[in-house]
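Note sheet for the following structure.
Computed from the coordinates by the stated procedures, all read-outs in this text should not be read as laboratory data. None of these values were measured; they are calculated from a predicted model. Heads up, the Cβs are rebuilt from the backbone with ideal geometry, glycines too, and the neighbour counts pull from every protein chain shown.
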Amino acid sequence: MVFRTLILKSAGLPGVERLVRSSRLFRPMVGRFIAGEGLKESISTAEGLAREGFFVSLDLLGENVATLEEAEAGTQAYLNLLDGIAKSEHKDAINISIKLTALGLDQDLELAEANYRRLLEKAVGAETFIRADMEGRLILR
């Protein structure tokens with residue numbers, strides 16, 4: 001239990017994400033769960049998995065945005081991801097998974113709802129769907 005707590009707390013420290021992404025030591029572990037650094041690489045990885053018969057749910061790293069601007073940037077990134085899925089010949093096997101805190105839930109409930117609706121509309125047009133991912137325990141209280 002102590003080890004789990006240590007890992008979860010250290011994951012939120014500045015610089016830890018950069019270290020994990022750039023370290024050769026972590027690359028085999030990260031590569032198994034991170035589809036890519038950008039849109040094209042992520043869609044390509046998802047398509048490769050779909051060709052092998054897997055269903056893929058893509059997510060963007062980061063949640064609990066601190067500002068409304070970050071919430072808008074996150075929403076736009078998800079919209080772009082949905083555009084990429086819509087262009088894929090494997091869109092029936094690829095969807096997105098989001099945390100509502102990435103859409104501004106902590107800052108403005110109405111804004112988060114509006115952002116979520118924007119994503120839902122785009123997902124319908126892309127012929128895919130959205131998974132609302134479980135939030136951390138502090139949000140669920």
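Scanning segment 70-101 for residues being within 11 Å of the chain's Cα centre (by Cα), within 19 Å of I43 (Cβ to Cβ) and touching a residue at least 24 places away in the same chain (Cβ under 8 Å) gives a total of 8.
For segment 42-69, what are the residues that are in a helix (DSSP H, G or I) and within 14 Å of the chain's Cα centre (by Cα)? Hits for segment 42-69 are S42, I43, A46.
In the condition set (1) in a helix (DSSP H, G or I); (2) crowded, with 19+ Cβ neighbours inside 10 Å, I96 is compliant with all but (1). Taken over segment 45-69, residues that are free of Cβ contacts under 8 Å to residues at least 60 places away in the same chain and surrounded by 15 or more Cβ atoms within 10 Å (Cβ to Cβ) amount to 9.
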